[in-house]
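Below you'll find the structure, written out as C-alpha cells, and then a few comments.
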Amino acid sequence: MAAHGPVGTDTLGGMLRIDINRDSPVAPYQQIARWLIAEIRAGRYGPEDRLPSTDDLMAAAGVARMTARKALRTVADEGLAQLSPGMGYYVPETLPPGSLPS
C-alpha cells in the first residue's frame, strides 16, 4: 500500500470503498484523484467509460462534495476524464500521449 495515497480499496456489497489516509500530507482530493488515475491506467475504466459520480466518491471515501468534485476536476485536468454536462465524467476516447504505461 502506498504511504501517501489511498490505503486500500475494495467493494462491499457492490459498493465502492476508497480508504483515505487521513495522516498523509497528501490532500484527500489528491488521494482520490491518484486512485482514479491508477484505475484508468490499469484499464479498469476504459475509453468512454463513466467514472464514479461525485456522490459515489463521497460515499466511497467519506469526503465532502467539494473534495469529490475537486478530485474529478484534477483527473480531468490531467486529460484522463472529460465532463459530459448532466451525465458525469467519462474517460475520453483518446487519452493524452504518455498517460498510459507502454
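Tabulated data
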{"item": "Filter result for Ser53 (of a type in the set (Ser, Thr, Tyr) and without any contact (Cβ under 8 Å) to a residue 12 or more places away in the chain)", "result": "no"}
{"item": "Members of the stretch 20-50 that are without any contact (Cβ under 8 Å) to a residue 24 or more places away in the chain and either of a type in the set (Asp, Glu) or exposed (fewer than 14 other Cβ atoms within 10 Å of the Cβ) (or both)", "result": "Arg22, Asp23, Pro25, Glu39, Ala42, Gly43, Arg44"}
{"item": "The stretch 61-98, residues that are within 10 Å of Leu36 (Cβ to Cβ) and in contact with an Asp or Glu (Cβ under 9 Å, 6 or more places away or on another chain)", "result": "Val91"}
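Every read-out reported here was derived from the displayed coordinates using simple, explicitly stated rules and does not represent laboratory data. Just so you know, these numbers come straight off a predicted model, no measurement behind them. Here Cβ is always computed from backbone atoms with ideal geometry, including for glycine, and neighbour counts include all displayed protein chains.
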